[in-house]
Amino acid sequence: MEYQLCPSILSADFNRLGEQIQTLEKQGVKWLHIDVMDGDFVPSISFGMPVIRSIRKESKMFFDVHLMVSAPERYIQDFVDCGADSITIHAEACEDLERAIELIRDAGVKVGISIKPATPVNDISHLLEDVDMVLVMTVQPGFGGQKYIPECTEKVQELKEIIDREELNVDIQVDGGINDSTMETAMRAGANLLVAGSYVFNGDLESNVQRIHQKMQDISEKLN
Ligand code: DX5
Ligand code: ZN
């Protein structure tokens, strides 16, 4: 199982975004989590294509774009054009989720689907064969710095059981409230892609990443 820390630039210092991305890359971070919010699907507005396009020029990391956007199928091609390597859409945001998955696939990038804390795994379990990743939100989408919702751990477990039973090749990502203790909880439940905003960016970025990578490594050794 490949574990990755996926720092969310929502918690970055936008005045020093390029420099912070370089620091992450130097520390061996492979995934960059990019939270796009539209002020409709979620209350807040973050950033969009121009920011992604401009950091794309400077980074070779895997751009994991999390669209917290209503009717995201309208924007798939735009996000691919500005440099996304994967696009994650919310099950709750799409009228025709299967069609939206197809559009992402046809655009040539990896496909992720996400569920909010109140959305059951059952709502998406029939689509697992068609996706590369499921993002289980562990807070209400919309803001960084919230507390991990413990009930979401069971959803990760449930998903992991289905994926293993059906021998599917699907990553499980968790997003929201990840820290020293919830990281271990989520990994034990079956998550392998760990999004973290404040945990990574609050304080000294370089030493945080080193410490978190070490911790992930220790936990994964215990689990294997
Ligand atoms: C929340 C976003 C998250 C957020 C995580 O809607 O999807 O990616 O930035 O932030 P932390 O790790 O601070 O909870
Ligand atoms: Zn996110």
In the stretch 107-143, the residues that are among the small types (Gly, Ala, Ser) and open to solvent by less than 50 Å² (accessible area, probe 1.4 Å) = Ala107, Gly112, Ser114, Ser125, Gly142
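Considering the stretch 48-68 alone, what residues qualify as being away from ligand 2 (no atom under 12 Å from the Cβ), open to solvent by less than 30 Å² (accessible area, probe 1.4 Å) and either of a type in the set (Ser, Thr, Tyr) or under 29 Å from Asp96 (Cβ atoms) (or both)?
To start, the set of residues in the stretch 48-68 that are away from ligand 2 (no atom under 12 Å from the Cβ) comprises 48-63.
Narrowing further to those that are open to solvent by less than 30 Å² (accessible area, probe 1.4 Å): 48, 52, 55, 59, 61, 63.
Passing the criteria: Gly48, Ile52, Ser59, Phe63.
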Sort out which residues of the stretch 1-47 are open to solvent by less than 10 Å² (accessible area, probe 1.4 Å) and within 30 Å of Glu167 (Cβ to Cβ), and write them in order of number.
-> Leu5, Cys6, Val29, Leu32, His33
So, first residue more than 19 Å from Tyr199 (Cα to Cα) in the stretch 27-44, second residue in a loop (DSSP other than H, G, I, E, B) and more than 15 Å from ligand 2 (Cβ to nearest atom), Cβ within less than 6 Å, six or more apart or across chains; the pairs are Asp40/Ser70; Phe41/Ser70
Between residues in the stretch 165-176 that are more than 15 Å from ligand 1 (Cβ to nearest atom) and open to solvent by 10 Å² or more (accessible area, probe 1.4 Å) and residues that are modelled with pLDDT of 95 or more and assigned to a loop (DSSP other than H, G, I, E, B), which pairs lie under 6 Å by C-beta distance while being six or more apart or on different chains?
-> Asp171/Asn192
Name the residues in the stretch 178-203 that are away from ligand 1 (no atom under 16 Å from the Cβ) and assigned to a loop (DSSP other than H, G, I, E, B), would you?
-> Gly190, Asn192
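The values are calculated or read from the model by the stated rules, or taken from the named source; none is laboratory data. Remember, predicted model here, so these are calculated numbers, not experimental data. For neighbour counting, all protein chains shown are included, and Cβ atoms are generated from backbone atoms with ideal geometry for every residue, glycine included. Heads up: the accessible areas ignore ligands, DNA and RNA and are worked out on the full protein's heavy atoms, side chains in. Shrake-Rupley method; radii C 1.70, N 1.55, O 1.52, S 1.80 Å.
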